[in-house]
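The values are calculated or read from the model by the stated rules, or taken from the named source; none is laboratory data. If you're wondering where the values come from, they're calculated on a predicted model, not measured in any experiment. Every residue, glycine as well, gets a Cβ built from its backbone with ideal geometry; the counts of neighbours run over all protein chains shown.
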Amino acid sequence: MSLRLSVSLPLSLLSLSFASIVSAQSASLSPAAQAAQAGASQPLSPSFAGFGLEPSNLYSFTGGSRNNDLTSNLLNTLTQYSGAPPAFRIGGNTGDYMIYDESYNGYQLRENANSQGAGAIASDSSYFGPTYFEVIDRCFPAGTPIAYQLNMAWDGDGYIENVVRQAQAAVDRFTNVQLQSFEMGNEPDLWLQNGFRTGSWDGQVYTEQWLERVAAVYSRVLQPAGIRSNFFEPPATASTMGTTFEINTLVEYGITEPGNNAPNGYVSAWNQHDYFYFITVTPYPITLDHLQVLRNTENQFRYWESQVAQAMGTGLPYHLREMSSVGPIGQEGVSDTFGASLWTLNFFLYTATLNISSVQMHMTDNSFASPWQPDRRYDRDPHVRPNYYAYTAMAQLIGSGNGTTQVARLAMPGLPPNYGDSVRCYSVYRDGSLSAIVMINSKPSNASETNKASLTFDLALPSSLAGEALYLSYLTAPGGDSQTGTTWNGFSYEESNDGIPTVVSDTVQTVPISSDGSARVSVRDSEALVANVGFRLGDRAVLAPNGSTTASSSSSQTRTRSAASSAESTRNAAIVTAAATTTVALLGSATPEAAEGQRRRASLARHRRGMGGEE
Ligand SMILES: *[C@@H]1O[C@H](CO)[C@@H](O)[C@H](O)[C@H]1NC(C)=O
Ligand SMILES: *[C@@H]1O[C@H](CO)[C@@H](O)[C@H](O)[C@H]1NC(C)=O
Ligand SMILES: *[C@@H]1O[C@H](CO)[C@@H](O)[C@H](O)[C@H]1NC(C)=O
Ligand SMILES: *[C@@H]1O[C@H](CO)[C@@H](O)[C@H](O)[C@H]1NC(C)=O
């Protein structure tokens, strides 16, 4: 769909249409009544919007010997909203630096002073023990789906024993969370650059080594436990240049072939990684304005769309298990702003329309892109960042369909050209019928802009909805550059210290649908709106996949505390009537910590991606 005006129009007509467009500043949306007519996605998993956790940072996010309640509470809220816990990947570069040692009981990694492994950072740099599994089990909601990475980089003595031991520990020790798959190795296409392999190394050699390891884990760990053989995710290419690790190529090399006693083969799903922007790799500077232009997301992801299509061709699910606005550790003033929250919500919906099965935004404890900072650093206490709110919006949207939510992209006829690259809209379906419209107006407008413009949407809804009401839920903040003060659907998740939701506005806003199906809403620049038919998001209980229901979340101002603390089982949410305008002391970029962060970021980035291109 092109929204650009044709240059061949006569000048008079051109200026006329510009004039009318500019004065109206509106667009029309005509969503199809049924998902099938809309070309909608597959139904979204309630675990769709998930998190990737860098293995070396596990203890900061979960807590060491004491639980990190902020993390637990934030995850419990998402579980309540969508009906199931967000999907987690425990994996990343550092997953290939760690060796499992059953006898080690510390609540942190133990450095290996005598590392022998290959690699710029050796593949046996550190040890971890059983507490690793214990803290995940303790901190994450029951049933959290886990894709867990095994160390494949280590290829010294006993490499099979080693990977079998690590897999056995995961199978035995995850009891509260649900181990869903093993990822074997992280980003093997970059292993010549980071020194894990030398000599001949390509997708074919990788496939051979991968199959040897997964066959051993299957016959020695999974099969005895009664677990299926197709339990593994091969990490497909993480770079776009000259790669022999594309999905189709790995299939040609035989990665999906049946094995001995494994007629269904070993692959459960494809596992791929991308970053919208990667510092020191992407060849232009990152700015908030660039992130807020949503067309840039589609341009950046075009190559990866071809990988998704290859995955669909194999009939296996595709998970985007590592993603972020800015890698490796975000960019202050970009990835920790409200603009990044709008980017995140759009990214979830856009990837849903591509039938990607789940997205894990990558988290490190020092990343400005992580939806929350789990511990004290950069002179700041733990806190929730604006992009967490994109998760809450997505979770309530998914939950509102009780397991049947589907998403489709919406055409926006009449959209003024100055909005064309910054606005994206989606229709949402419940039980196959239209249930909501999402309008994301990411046009930059900073907090300091006192006279913010708005875009009006003229909705032409199916006449069967005449007489119903649209319930409006806003994802908003003082401006695109705001680092605090975001709200979603009248809730704040940062007013409390522990991530428990706080009501900031309990006004229910509705718009009637006229007898001809029309309705009109408007969305401020740098804001998103979900207009849900018939009820406010969160007001209805959500059916969990296991058949239980999670309580409605916004019908009452009394919130149930997480199971973790029984003494205070309920608590009256603080009611803050004024729009959230709290400003928290912002991180001064001149502090020594920040300078150190900058240095570490740069070296990590150099190390991380080698020559891999993101674009
Ligand atoms: C996504 O899956 C649905 C079926 O579940 C299909 O109708 C739709 O065409 C698919 N979309 C894409 C982009 O593959
Ligand atoms: C069912 O799933 C919900 C949401 O994940 C969870 O809170 C609940 O404990 C589960 N119930 C059972 C009986 O497993
Ligand atoms: C989901 O199902 C539960 C249990 O049947 C029901 O109470 C609830 O209203 C449903 N929610 C929605 C959004 O339809
Ligand atoms: C809005 O804020 C961002 C981030 O600080 C900045 O890059 C941009 O130039 C600002 N835009 C305007 C119009 O001031």
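Applying the condition of being of a type in the set (Gly, Ala, Ser) and on the phi < 0 side of the Ramachandran plot to the stretch 456-474 and asking which residue is farthest from ligand 1 (Cβ to nearest atom) yields Ala469. Of all the numbered requirements in (1) touching a helix residue (DSSP H, G or I) at 6+ places or on another chain (Cβ under 8 Å); (2) at pLDDT 95 or above; (3) part of a loop (DSSP other than H, G, I, E, B), Asn264 misses one, and that requirement is (1). Candidates Ser553, Ser562: the one that is modelled with pLDDT under 50 and crowded, with 21+ Cβ neighbours inside 10 Å is Ser562.
Residues that are more than 10 Å from ligand 2 (Cβ to nearest atom) and touching a residue at least 60 places away in the same chain (Cβ under 8 Å) within the stretch 134-144 comprise Val135, Ile136, Arg138, Cys139, Phe140, listed in sequence order. Residues in the stretch 100-131 that are touching a residue at least 24 places away in the same chain (Cβ under 8 Å) and touching a strand residue (DSSP E or B) at 6+ places or on another chain (Cβ under 8 Å): Tyr100, Asp101, Tyr104, Leu109, Asp124, Ser125, Ser126, Tyr127, Phe128, Gly129. Screening Gly432 with (1) within 30 Å of Trp372 (Cα to Cα); (2) in contact with a helix residue (DSSP H, G or I) (Cβ under 8 Å, 6 or more places away or on another chain) gives one miss only, at (1). Looking only at residues in the stretch 156-202 that are aromatic (Phe, Trp, Tyr) and part of a loop (DSSP other than H, G, I, E, B), the one that is surrounded by the fewest Cβ atoms within 10 Å (Cβ to Cβ) is Trp201.
From the list Ala453, Ala477, Ala436, the lone residue that is more than 16 Å from ligand 1 (Cβ to nearest atom), surrounded by fewer than 21 Cβ atoms within 10 Å (Cβ to Cβ) and among the aliphatic types (A, V, I, L, M) is Ala453. Taking the stretch 169-208, which residues are over 23 Å from Ile247 (Cα atoms) and in contact with an Asp or Glu (Cβ under 9 Å, 6 or more places away or on another chain)? Listed by number, the residues that qualify are Ala169, Arg173, Phe174, Thr175, Asn176, Val177. Taken together, Asp289, Asp336 contain a single residue that is more than 16 Å from ligand 2 (Cβ to nearest atom) and over 20 Å from Trp372 (Cα atoms), which is Asp289. Looking across the stretch 411-433, the residues that are buried (at least 20 other Cβ atoms within 10 Å of the Cβ) and within 16 Å of ligand 1 (Cβ to nearest atom) come down to Arg424, Tyr426, Ser427, Val428, Tyr429, Arg430. Within the stretch 63-74, residues that are touching a residue at least 12 places away in the same chain (Cβ under 8 Å) have Cβ atoms under 8 Å from residues that are assigned to a loop (DSSP other than H, G, I, E, B) and of a type in the set (S, T, N, Q) in these pairs: Gly64/Gln108; Asp69/Ser562; Asp69/Ser565; Leu70/Asn497; Ser72/Ser562; Asn73/Ser562, counting only partners at least 6 apart in sequence or on another chain. I'd like to check something: does the stretch 388-407 contain any residue that is assigned to a strand (DSSP E or B), within 16 Å of ligand 1 (Cβ to nearest atom) and within 20 Å of the chain's Cα centre (by Cα)? Yes, the stretch 388-407 contains a residue that is assigned to a strand (DSSP E or B), within 16 Å of ligand 1 (Cβ to nearest atom) and within 20 Å of the chain's Cα centre (by Cα).
Restricting the stretch 520-543 to residues that are within 23 Å of Ala340 (Cα to Cα), over 22 Å from the mean Cα position of the chain (by Cα) and not in a loop (DSSP other than H, G, I, E, B) leaves a set whose member that is farthest from ligand 4 (Cβ to nearest atom) is Ala531. Reported count of residues in the stretch 403-419, each being under 16 Å from Tyr350 (Cβ atoms) and out of contact with any Pro (no Cβ under 7 Å at 6 or more places or on another chain), is 5.
Yes/no matrix, rows are residues, columns are (1) in contact (Cβ under 8 Å) with a residue 60 or more places away in the chain; (2) farther than 15 Å from Gln360 by Cβ:
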| residue | (1), (2) |
| --- | --- |
| Pro258 | no, yes |
| His273 | yes, no |
| Phe278 | yes, yes |
| Val281 | yes, yes |
| Leu291 | no, yes |
| Leu294 | yes, yes |
| Arg302 | no, yes |
| Leu316 | yes, yes |
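At least 2 residues being modelled with pLDDT of 95 or more and at negative phi is the threshold, and among the helices (runs of 4 or more DSSP H) wholly inside the stretch 1-78 those reaching it are 35-38, 58-62.
Out of all the residues in the stretch 302-322, is one or more in a loop (DSSP other than H, G, I, E, B), of a type in the set (Ser, Thr, Tyr) and crowded, with 19+ Cβ neighbours inside 10 Å? No; the residues of the stretch 302-322 include none that is in a loop (DSSP other than H, G, I, E, B), of a type in the set (Ser, Thr, Tyr) and crowded, with 19+ Cβ neighbours inside 10 Å.
Trp210 meets the conditions (1) touching a strand residue (DSSP E or B) at 6+ places or on another chain (Cβ under 8 Å); (2) surrounded by fewer than 23 Cβ atoms within 10 Å (Cβ to Cβ) in every case but one. The failed one is (2).
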